[in-house]
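Step one of this worksheet: look at the structure below.
Read-outs throughout are calculated quantities, based only on the coordinates presented, and are distinct from any laboratory measurement. Treat the numbers as computed from the prediction; the structure is a model and nothing was measured. Counting neighbours? That spans all protein chains shown, and the Cβs are built from the backbone with ideal geometry, glycine included.
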Amino acid sequence: MELGITGKRAAVAAASSGLGLGSARALAAEGVTVAICSRDRARVDDAVAEIGHGCIGLVCDVSGAAGATAFVAAATEALGGIDILVTNAGGPPPGNFATTDLDDYPSAIELNLMSVVAMCKAAVGPMQERGWGRVVAITSVSVRQPIPNLILSNTARAGATGFLKTLAREVAEDGVTVNSVQPGTHRTARVTAIYGDAADVRMGDADDFGAIVAFLCSEQATFLTGAQIHVDGGAYQALL
């Protein structure tokens, strides 16, 4: 399917590996010029070589609002503007209510909520002015069904989902869509770090996930906004 986004410009955060990399690969394959970031130059360069298609690599730390804003600014300068924003970041440390200190919450909220807000604040206004834009946030299925021993991620990503839903309604009339994609268990470095290489667990593929992100950025998805799409291989069990 031709997605109608050839020539668009995308900023994909935290895209040197995992779901961010899969999303960047999918967009680049559709003719989108992509700027990615990571905290490590060597990892950025490796990802740029893998993505190809004129991908631009930037060294930025999007674990907080300041770094997230800086990434959007650098990507805007490198690309000449941003039509597509894919927000993404790593996850906070595992833990439950008993093992997680009160002081651990602000950094988790900064990582998985405020970084999303900051990237949107920096990128969405120019999209509104141009009358076209796509925001896709990579969050987690934990927003629908909290994951045991990930209380920080469950809490912060739920806040991000509320922000994104609110933003979607405010900018829809300006031709900007805002959606989130909620991965379940995919074979990524973070999942392996938390759960180990569990062969008996069904895991998704980052490139298949990226294809869904690319569709949400398409012309065909113009009337799809404010959605939270869980991509989890059927792990989420509720009806709604």
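Can you find, among Gly57, Leu27, Pro92, the residue farthest towards the positive end of the dipole of segment 17-94? Put +1 on the C-beta of Lys and Arg, -1 on that of Asp and Glu.
Ranked along the dipole, the leading option is Pro92.
Working from Cα positions, state the angle (0 to 90°, nearest 10) between the long axis of helix 115-130 and the longest principal axis of the chain.
20 degrees
Let me test this: with uniform point scatterers at the alpha carbons of segment 1-129, what is the Debye-based log₁₀ I(q)/I(0) at q = 0.10, 0.16, 0.17, 0.20 1/Å?
Log10 I(q)/I(0), no solvent term: -0.32, -0.74, -0.82, -1.06.
Kindly rank 38-46, 121-129 from highest to lowest mean number of other beta carbons found within 10 Å of each residue.
Ranked from most to least packed, the peptides come out as 121-129, 38-46.
No solvent, one uniform scatterer per C-alpha: report log10 I(q)/I(0) for segment 51-182 via the Debye equation at q = 0.12, 0.13, 0.21 1/Å, two decimals.
-0.48, -0.56, -1.20
Could you tell me how many cubic angstrom of Cα convex hull volume segment 9-231 has per residue?
It comes to 113 Å³ per residue, whole-number rounded.
How about the chain: what cysteines have no other cysteine beta carbon under 4.7 Å from their own?
Lacking a cysteine Cβ partner under 4.7 Å: Cys55, Cys120, Cys217.
Given Val178, Ile151, Met1, which one lies farthest toward the positive end of the charge dipole of the chain, if we put +1 on the Cβ of every Lys and Arg and -1 on the Cβ of every Asp and Glu?
Working it through, the farthest residue towards the positive pole turns out to be Val178.
Determine the principal axes of the Cα atoms in segment 95-144, then give the extent along each, sorted from largest to smallest and rounded to whole angstroms.
The Cα atoms of segment 95-144 stretch 48, 22, 10 Å along their principal axes.
Given the peptides 231-239, 21-29, 145-153, arrange them by the average over their residues of other C-beta atoms within 10 Å, most packed first.
Packing order, densest peptide first, comes out as 21-29, 145-153, 231-239.
For the chain, what is the relative contact order in percent, using Cα pairs closer than 8 Å and at least 6 residues apart in sequence?
Contact order relative to length: 22 percent.
Between the helical axis of 65-79 and the dominant principal axis of the chain, each derived from Cα atoms, what acute angle in degrees is found, rounded to the nearest 10?
Compared with the principal axis, the helix lies near 30 degrees.
Kirkwood hydrodynamic radius for segment 2-56: how many Å is it when counted over pairs of different Cα atoms?
Taking every pair of different Cα atoms in segment 2-56, averaging 1/r and inverting gives 10.7 Å.
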